[in-house]
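The values are calculated or read from the model by the stated rules, or taken from the named source; none is laboratory data. Treat the numbers as computed from the prediction; the structure is a model and nothing was measured. Every residue, glycine among them, receives a Cβ derived from its backbone with ideal geometry; neighbour counts consider all protein chains shown.
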Amino acid sequence: MAATTIKIQGMTCNHCVMRVAKALKAVPGVQDAKVDLQKAEAVVSFDAATVTPEKLSAVCGGDRLQGRVIAAHFDRAQLDNWLFSRYTFP
């Protein structure tokens, strides 16, 4: 599993937290999502072969919310798989 931290601007209440957490957990490949209103961020555990941090960030956006990836953590095997799935080497 990989993990990413997404900064979320525009959250003002617990309803926003629940809405963002529900949206993130609905994405295929997401194992867990913890959203913190005071830090204005979400920490998401996910399968890097299924979804990217950028896609998760986009899920956090909408209405008046804006998500931005501030950290992503992959183990070596996941990073290799992600790179080889996106690039062709001669």
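Every test in (1) surrounded by 18 or more Cβ atoms within 10 Å (Cβ to Cβ); (2) modelled with pLDDT under 90; (3) of a type outside the set (Lys, Arg) is passed by residue 70 save one, and that test is (1). Of the numbered criteria (1) at positive phi; (2) surrounded by fewer than 14 Cβ atoms within 10 Å (Cβ to Cβ); (3) at pLDDT 90 or above, the one residue 63 fails is (3). Taking residues in the range 1-30 that are over 14 Å from residue 58 (Cβ atoms), and partners anywhere that are in a helix (DSSP H, G or I), the pairs with Cβ atoms closer than 6 Å and at least 6 places apart or on different chains are 2/78.
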